[in-house]
1. Just to be sure I understand, how many residues within segment 78-108 are in a helix (DSSP H, G or I), more than 26 Å from I38 (Cα to Cα) and among the aliphatic types (A, V, I, L, M)?
2. Just the residues that are over 15 Å from F41 (Cβ atoms) and β-branched (V, I, T), please, taken from segment 59-92.
3. Applying the selection to segment 19-41, what residues are closer than 15 Å to F146 by Cβ, at pLDDT below 75 and either part of a helix (DSSP H, G or I) or among the basic types (K, R) (or both)?
4. Do you know which residues across segment 55-77 are open to solvent by less than 40 Å² (accessible area, probe 1.4 Å) and of a type in the set (S, T, Y)?
5. Considering only segment 78-127, state which residues are among the basic types (K, R) and open to solvent by less than 20 Å² (accessible area, probe 1.4 Å).
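The values are calculated or read from the model by the stated rules, or taken from the named source; none is laboratory data. Computed from a predicted model, the values in this text were never measured in an experiment. Note: ideal-geometry Cβ built from the backbone for every residue, glycine included; neighbour counts use all protein chains shown. Just so you know, the surface numbers come from the protein's heavy atoms only, side chains and all, with ligands and any DNA or RNA stripped out. Shrake-Rupley method; radii C 1.70, N 1.55, O 1.52, S 1.80 Å.
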Amino acid sequence: MTRIDGRLFSEITADDLAQMKWTKTEEPFLYPKITNFINRFNSLSKWVPTEIVRETTPKSRKRILKIMIDIAIHLFVLKNYHAAMAIVAGLHSIPSTRCVSAWKILPRKYRNSLDQLEEVFSHESNYTNYRKLLEGNTNDLIIPFFGLFMKDLIFWNERYDSPKNENLFNFHRMHSLGKILFQFESLKQAENEIGNVREVSTQLENLPSQSEDALLARI
């Protein structure tokens, strides 16, 4: 799983990010490498509830919950934060949380582990905990949560891309965007070791998923 994510992440360049206008109306298909990585996150987050709801009893669904939490923990240890966040998002999806009976019998140690991951990935205070986690780790092999790069780039572009600023060279905008791209490139350099591994599982590249409506109809 991390090999797949590493390959997709390694294909994105700082130039891809710099050239993208990063507005909410930007056409994503113009940037296939970025779109592929975003789609990978969505695929993982949809896969989680699909596997949970596929089971038909609270006990069997509890077993899948345990597996998914274990996967998220291992991804976190591997510093594949992109995939770890996707698994956590999948566990928080409506179909997953509707499996109330399974959650009720989930051992407390798994609930505690999930709580710890949720605390790290919390969006409170603009992802403060996650940002602290990244600080000082530029020499480690990391696959970062790409959604935060998107959030930051959109914020700085839309904040200063206004009619009253169109004729001004905005130093703060350029400085902030430069910091984001520098961090991205630093993580990319550390990531090359994983990104160059090509032996990946076809099954993990094509994860099964169902729509939210279809899953809810089975609960």
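1. So the count comes out to 2.
2. I64, I67, I69, I73, V77
3. P28
4. The answer is S60, and nothing else.
5. none
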